[in-house]
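The values are calculated or read from the model by the stated rules, or taken from the named source; none is laboratory data. All of these numbers come straight from a predicted model, not from anything done at the bench. Don't worry about glycine lacking a Cβ; one is built from the backbone with ideal geometry, like all the others, and counts go over all protein chains shown. Just the protein is used for accessible areas: all its heavy atoms, side chains included, with ligands, DNA and RNA removed. Shrake-Rupley method; radii C 1.70, N 1.55, O 1.52, S 1.80 Å.
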Amino acid sequence: MGRLIIVSNRTPGKGPAAGGLAVALRKVLTEHEGFWFGWSGKLVEKPEPEAVFEDIEGLNVGKIDLTQHDHHAYYAGFSNSILWPSFHLRLDLATIEGHWYEGYRRVNAQFARALKPHIQADDVIWVHDYHLIPLATELRNLGARNRMGFYLHIPFPTVDALYAIPHHNELMRDLSRYDLVGMQAERDVTAFRDFADHQAPATLSGSPLRTVDFSNTEVKAFPIGSDPDAFAKLATTPAATKMVKRMQRLLEEQALILGVDRLDYSKGLPQRVEAYEKLLANNANFRRQVHLLQVAPPSRDSIKEYQETSDTLDAMVGRVMGHFAEPDWQPLTYVKRAYGQPSLAGLYRLARVGLVTPLRDGMNLVAHEFVACQDPEDPGVLVLSRFAGAAEIFEDALLVNPFDTDETAEALRLALQMPLDERRTRWETLMQAAKTHSVDNWAKHFLEQLTPADGGNKRPPVRDVLNLDTVA
Ligand code: F6P
C-alpha cells in the first residue's frame, strides 16, 4: 500500500487525543507513511489556497482555513442542520435552506484544491464523515485516480428521509465516486441498498432522473470500536482511581447510574431523565439508594435545535430535583462540561449501570468504553438503546427502546438488581465483542478492503464515469 491520507473535518490537535477515533487513526498513520488533512479550526477573511502542514506530536497534519460565511453554510448549515437531522431520522428538526448546499460544495471543492497538489499516484485516501461526501467527486474532477474510501460515522437514513434532503441524488452520485463506502452497522447497509435498488424514477417535472451507478463502489458495514485494552488499563491508573475515590466518598452506598453524551438531540437525554424519574416514582425503595450522573458537554450550540434540547433538559432536571431531592439527598447530578478520558474511565468503572440510550446513533463509543472499563470481578450493567449501531454487537446488554421510558425504567430496575453471576456472564460476552470489534481491527479491515493485493482498479476521471451512468 502507498501512503495513507486521512481526511476529516476536524484535525487532531496537540495534547492527548480526545476520542478513540483520533487515537486509532493516529496509530494507523504511525504504521503507514502519509498525513492527515482537514480544517484548521480557524475562520479568516481570505483563506490561503494552499494547505499549511504542521508536525503535531509526530503526525504530519495539513490544514486549511475557511471563511466564516462558508463554514456556517457547510458546518452549522448543510452538515448539521440538514444532513445530521435527516440521517438521524429527525426531519422535524431539519432546517432546509437551499443556499447552504452551495457553501457545502464550495468547502469540499476548496478541500480538494488544497489537497490535490499533495497527492501522489499510489496514495490511498480515506475520507471521514458526512461533512465531506462530495470530496471524491471534487478530487476526481481534478484528475485524481487514487483508491478512495469513505467512512460514515453516523447512521445512513431510510429512503424517505434521504429524499427529503435537497440534492440527495447528487450526494449519492458523490458516494459512487468512492471505491469503498464503510458504514457502522448492517442496518445502514440495508438502508443504503434500499436506495440503490429502488432509486426515485422521476423528478417533480416528471423527467427521469439519471440513476446512480454503484457498480464500482463496494458498500459494507465496518462497525467501529474503541481500544478496549487501553481503556481497561486507563480505568485503574492513579488519575482514574482518584476520580473513583472522590465519587465513592460522595456516593457512599448509592449505586451510580452513568450517562456520558454530547448534548445532542439524537442522544435521547430528555427521555433518559424521564425514565429515571419513572424509576424513582415507581420504586420508592430506590430513593437514596441510587444516583444518576449525566455528563453532557455542549455541542454545536450555535444551532437553535441544540439550544432547545439544552433548555428542555435543564427544565427536566429541575423538575426531577424539585420532585425527589431532599435536603440530604440529591437524585441526580447534571454536568454540562467535558471530562478527560482518565476521569471518564474512573466514572465508567465505578458505575453500576452505563445508561446509553440514544434515539439513533451510528455506533456509540461510550458503550464500548463503559464495557472496557469494568472490573471483571464486579462489573456494571450496560443498558443500551436498540437504535445504536452498538446494539448489533452488544447483544448481552439490556437492550431498550429509548422512546419507551417505561421500558427503560424497567431495564434500570433489572440492572440495579442483577445478581453478580449474571453481571459477570453478560460482561464477559460484551468484553469479547468489544475486543473483536476494536478500533485497530476496524481500521485494519477497512484498509485491507480498500487496498486489495492487486492494488484495485484505477478509476477513470469523472467525465468518463458520467458517461457510464444509465438513464432510468
Ligand atoms: O460522530 C459524528 C461526529 O460528527 C464526528 O464526526 C465528530 O467527531 C463528532 O460527531 C463531534 O461533532 P462536531 O465535530 O460537530 O463537534
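Taking every protein chain into account, the accessible area of the chain amounts to 42 square angstrom per residue (probe 1.4 Å). Surface listing: Thr333, Thr309 arranged by accessible area from highest to lowest gives Thr333, Thr309, probe 1.4 Å. The slack between Ala164 and Arg246, meaning 0.36 nm per residue of separation minus the straight C-alpha distance, is 24.6 nm. Projecting the Cα atoms of Trp126, Leu171, Phe156 onto the charge dipole of the chain (Cβ charges, centred on the Cα centre) puts Trp126 farthest toward the positive pole.
Taking other residues whose beta carbon is less than 15 angstrom from the beta carbon of Pro342, and scoring Lys, Arg as +1 and Asp, Glu as -1, yields +3.
Give the percent of DSSP beta bridges with both residues in the chain that are antiparallel, rounded to the nearest 5. So the antiparallel bridges in the chain amount to around 15 percent. The apolar share of the surface of the chain, taken as the fraction of accessible area on carbon and sulfur atoms (1.4 Å probe, ligands and nucleic acids excluded), comes to 51 percent. Taking label points 7 Å from Cα along the Cα-to-Cβ direction, Gln68 and Asp378 give a separation of 5.4 nm. Here's how it looks for Arg147: its modeled amide H is under 5 Å from those of Ile125, which are all 5 or more places away or on a different chain. Which shape class, rounded, prolate or oblate, goes with the chain when its Cα gyration tensor gives a ≥ b ≥ c as root eigenvalues, a/c under 1.5 marks rounded, and past that a/b bigger than b/c marks prolate? It is prolate, given that a/c is not under 1.5 and a/b is the larger ratio.
Between Lys46 and Asn441, the C-beta separation translates, for a Förster distance of 45 Å, into a calculated FRET efficiency of about 0.55. The listed peptides 107-119, 35-47, 414-426, ordered by packing as a protection proxy, come out as 107-119, 35-47, 414-426 (highest mean of other Cβ atoms within 10 Å first). Amide H contacts of Phe37 (H built 1.01 Å from N, in plane; Pro and chain starts excluded): Ile6, Val7, Ser8, Gly62 sit under 5 Å, all sequence-distant by 5 or more or on other chains.
Cross-link check: pairs Lys245/Lys267; Lys27/Lys435; Lys27/Lys267 evaluated at a Cα-Cα cut-off of 26 Å; pairs beyond the cut-off: Lys245/Lys267; Lys27/Lys267. Taking amide H as placed 1.01 Å from N in the peptide plane, the amide H of Leu263 sits under 5 Å from that of Ser299, each at least 5 places away or on another chain. Once a ≥ b ≥ c are taken as the square roots of the eigenvalues of the Cα gyration tensor of the range 228-436, is the result rounded (a/c under 1.5), prolate (a/b larger than b/c) or oblate (a/b not larger than b/c)? Judged from the Cα gyration tensor, the range 228-436 comes out rounded (a/c under 1.5).
Couplings 3J(HN,Hα) of the range 55-71, computed from phi: 8, 10, 6, x, 10, 8, 10, x, 9, 10, 8, 10, 7, 4, 5, 5, 4 Hz, in residue order, whole Hz [Karplus 6.51 cos²θ - 1.76 cosθ + 1.60, θ = phi - 60°; x for Gly and Pro].
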